[in-house]
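The values are calculated or read from the model by the stated rules, or taken from the named source; none is laboratory data. Keep in mind the model is a prediction, meaning the values are calculated, not measured. Heads up, the Cβs are rebuilt from the backbone with ideal geometry, glycines too, and the neighbour counts pull from every protein chain shown.
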Amino acid sequence: MGTPLAVGGGGLAGIVVVIVLLISAFTGGGGLGDLGALQDQSIGTGQPPADSAAAECQTGEQANTREDCRIVGFVNSIQSFWSQALRGYEPARTRFFDGSISTGCGPATSEVGPFYCPADRYVYIDLGFFDQLQSEFGAQGGPLAEAYVLAHEYGHHIQNLLGDLQNAQRGGTGPQSGAVRVELQADCYAGLWTRNAVRTGFIEDLTREDIAQALDAAAAVGDDRIQERIQGRVTPESWTHGSAEQRRNWFVRGLTIGNLDACNTFRGQI
């Protein structure tokens, strides 16, 4: 059984998502606003049936007015990018949940937040986390903050395909540990997708404000920020995801340099 990898213990502002349905069926509803349509559903590859919620997400206008359609568009964009950027890419499936869920890595609850399970190659998205990112972690939120969370988890899928995910078990904890290096590489991969998001055809434009949303989200889930909020002090020796500065820096590295090698966090100091 694999170990799950998680992201962390405004308006559209120029993002226009174009929905091209490369994903499988999901239906349903719930008490999560537009996101309720995604609860307990999976998306992957293939066309959704005509009566599914996904079939309703056909236009950029819908993606700009409905959060569920926007999330679908981001997932499509991320998968499209990696199918072009990584030879032999195998699409991951995404499962949305609220509360608790059974996975190939064992049972999980919303306390874990979004995570990737290497055992079944699913990205699991806790639908309540997007609000929690603002209410508990202090992020400003926004569409690209949501996209960052998704792209980070898909970054773990890339690591699994490339054989790098196992490095998370090396070196215990701390700013230079294997666990932190794996998380920072996933942040770098999120930046790499952001750099190429418009080219996928699913997103029409990204502004500086959009990028600022993603950077703010990455910093908000830094170990030091979380520790300061919860325990009132910072203990670097227990870090597992990296500091706010590290997470921002590696996202920016993927965004600005724009290649896989630039995201190699397993060389030198990080």
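Quick notes on this structure:
- Residue among ALA37, ALA85, ALA50 that is among the hydrophobic types (A, V, I, L, M, F, W, C) and modelled with pLDDT under 75: ALA50
- Residue within segment 56-78 that is modelled with pLDDT of 95 or more, closer than 22 Å to ILE158 by Cα and surrounded by 19 or more Cβ atoms within 10 Å (Cβ to Cβ) present: yes
- Number of the condition not met by ALA119 [criteria: (1) assigned to a loop (DSSP other than H, G, I, E, B); (2) farther than 20 Å from CYS105 by Cα]: (2)
- Where ASP224 falls short, out of the listed (1) within 19 Å of the chain's Cα centre (by Cα); (2) over 18 Å from GLY141 (Cα atoms): (1)
Let's see how each residue does on (1) over 16 Å from HIS241 (Cα atoms); (2) buried (at least 23 other Cβ atoms within 10 Å of the Cβ); (3) in contact with a Gly (Cβ under 8 Å, 6 or more places away or on another chain):
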site: ILE101; (1), (2), (3): yes, no, no
site: GLY106; (1), (2), (3): yes, no, no
site: ASP126; (1), (2), (3): yes, yes, yes
site: GLN140; (1), (2), (3): yes, no, yes
site: ALA147; (1), (2), (3): yes, yes, no
site: GLU153; (1), (2), (3): no, yes, no
site: ASP164; (1), (2), (3): no, no, no
site: GLY174; (1), (2), (3): no, no, no
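- Residues that are outside any loop (DSSP other than H, G, I, E, B), surrounded by 12 or more Cβ atoms within 10 Å (Cβ to Cβ) and aliphatic (A, V, I, L, M) within segment 217-241 comprise ALA217, ALA218, ALA219, ALA220, ILE226, listed in sequence order.
- When segment 149-165 is filtered for residues that are over 15 Å from GLY8 (Cβ atoms) and touching a Pro at 6+ places or on another chain (Cβ under 9 Å), the ones remaining, listed by number, are HIS157, GLN159, ASN160, LEU165.
- When residues in segment 139-194 are screened for being of a type in the set (S, T, N, Q) and within 30 Å of THR65 (Cα to Cα), 2 of them pass.
- The number of residues in segment 114-125 that are under 11 Å from the mean Cα position of the chain (by Cα) and not β-branched (Val, Ile, Thr) comes to 4.
- Filtered by the rule that a residue be under 14 Å from TYR154 (Cβ atoms) and of a type outside the set (A, V, I, L, M), segment 79-99 gives GLN79, SER80, PHE81, TRP82, SER83, GLN84, TYR89, GLU90, PRO91, ARG93, THR94, ARG95.
- Pick from segment 242-270, criterion part of a helix (DSSP H, G or I) and polar (S, T, N, Q), ranking: surrounded by the most Cβ atoms within 10 Å (Cβ to Cβ): GLN246
- When segment 177-221 is limited to residues that are charged (D, E, K, R) and within 16 Å of the chain's Cα centre (by Cα), the one that is farthest from PHE137 (Cα to Cα) turns out to be ARG195.
- Screening segment 166-209 for residues that are small (Gly, Ala, Ser) and not in a helix (DSSP H, G or I) and picking the one that is modelled with the lowest pLDDT gives GLY171.
- Close pairs from segment 126-144: first part of a helix (DSSP H, G or I), partner among the acidic types (Asp, Glu) and modelled with pLDDT of 90 or more, Cβ under 6 Å, at least 6 apart: PHE130/GLU146; LEU144/ASP210
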